[in-house]
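As structure tokens, the structure follows; a few thoughts come after it.
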Amino acid sequence: MKRPLYAVMALATMASTAAPGAAVAQPSGIQRYQAILDPVPTNRVNGSGLANLQLSGTQAQITIETAGLVNSWHALHLHVHGQGKCPDASMAKQHNNHTAISATDGAPAYGEIMTSLTVSGDTSPSRAFTSNRFPSGSNLTYGRTVTLDRDTIEQLQYGKAVLVVHGIDYDGHGQYDDALGTSEDDTTQTQDATAPALCGTFSALGASAPHSAAPSTGPTGSEPGQYAQKGTGTATGTSTVDIVALLVASAALAGALVAAFYSRAALKRLER
């Protein structure tokens, strides 16, 4: 009788103690995140913005508000697998004899494109700079619900997901031109059109994002031609939340069995 009891107690201990390096899941249900969008240094941007993300399962409702941008189309991306931050001035390079940060220059900081926040249709990186798929204007109001894969959700929960608004007016002419030359990320566009304008890292609202162990950062996408290669998909398999729920249920069962064992022992003493 004792041996099964020890096995049950061991299971309860496993359920209540996370393994070293294991990711800690946020509570199930709706999770909310926010990113304050600040100008990318050296790119001569005076705008600002705010992004909100509400996650329920694999569905992410994303809203973005910006002001003070060049009056043109702006690519919007959710980036992961970088350092989880926005580029600083030290990352600027020479482009057509001007100092600026291109989309590729900033990739080590914010990572690769995981989701293109288009107004409709495909949200994969293959649409990274398809001009007619993104909102236009100097003051943007964007909203859409998209599907995130498990990898992106983990990066989001660990504070490694970054929202980037692209498109700058480097020389102040009120439009995208070739002041910085041709884009290294899409040769059909100018560097103005693809350079990062605003940037912000998503942080959890209402509950702290787990930081007990960082997920794999993966490739940074900093090499030309590698900036937008990873695609999106629907999350599959068993999630961390499912595993935690199973362990909690196991712990509850273990407690019930322990209580039943001692109750039975007490009843036998009374009968004597």
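The values are calculated or read from the model by the stated rules, or taken from the named source; none is laboratory data. Only a predicted model underlies this, so the values are computations on that prediction, with no experimental measurement involved. We place every Cβ from the backbone using ideal geometry, glycine too, and count neighbours over all the protein chains shown. Just the protein is used for accessible areas: all its heavy atoms, side chains included, with ligands, DNA and RNA removed. Shrake-Rupley method; radii C 1.70, N 1.55, O 1.52, S 1.80 Å.
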Index of the failed condition, residue 237 passing every other in (1) at pLDDT 95 or above; (2) open to solvent by 30 Å² or more (accessible area, probe 1.4 Å); (3) on the phi > 0 side of the Ramachandran plot: (1)
Which numbered condition residue 52 fails, given (1) in contact with a Leu (Cβ under 9 Å, 6 or more places away or on another chain); (2) farther than 22 Å from residue 139 by Cβ; (3) free of Cβ contacts under 8 Å to residues at least 24 places away in the same chain: (2)
Tally of residues being out of contact with any Gly (no Cβ under 9 Å at 6 or more places or on another chain) and open to solvent by 10 Å² or more (accessible area, probe 1.4 Å) across the stretch 64-91: 4
Of all residues in the stretch 37-65 being under 19 Å from the mean Cα position of the chain (by Cα) and of a type in the set (S, T, N, Q), the one that is nearest to residue 151 (Cα to Cα): 58
Of residues in the stretch 172-187 being without any contact (Cβ under 8 Å) to a residue 24 or more places away in the chain and part of a loop (DSSP other than H, G, I, E, B), the one least open to solvent (accessible area, probe 1.4 Å): 177
Test result for residue 93, within 19 Å of residue 48 (Cβ to Cβ) and basic (Lys, Arg): no
In the stretch 123-166, the residues that are open to solvent by less than 20 Å² (accessible area, probe 1.4 Å), among the β-branched types (Val, Ile, Thr) and part of a strand (DSSP E or B): 146, 162, 164, 165
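Name every residue in the stretch 53-63 that is surrounded by 17 or more Cβ atoms within 10 Å (Cβ to Cβ) and out of contact with any Gly (no Cβ under 9 Å at 6 or more places or on another chain), in order of residue number.
Listed by number, the residues that qualify are 53, 55, 58, 60.
Scan the stretch 92-117 residue by residue and report those that are of a type outside the set (Ser, Thr, Tyr), open to solvent by less than 60 Å² (accessible area, probe 1.4 Å) and not in a strand (DSSP E or B).
First pass over the stretch 92-117, keeping only residues of a type outside the set (Ser, Thr, Tyr): 92-98, 100-101, 103, 105-109, 111-114, 117.
Filter again for open to solvent by less than 60 Å² (accessible area, probe 1.4 Å), leaving 92, 95, 100-101, 103, 105-109, 111-114, 117.
Those that are of a type outside the set (Ser, Thr, Tyr), open to solvent by less than 60 Å² (accessible area, probe 1.4 Å) and not in a strand (DSSP E or B): 92, 101, 103, 105, 106, 107, 108, 109, 111, 117.
Looking at 131, 203, which one is at pLDDT below 95 and of a type in the set (Gly, Ala, Ser)?
Of the residues listed, the single one that is at pLDDT below 95 and of a type in the set (Gly, Ala, Ser) is 131.
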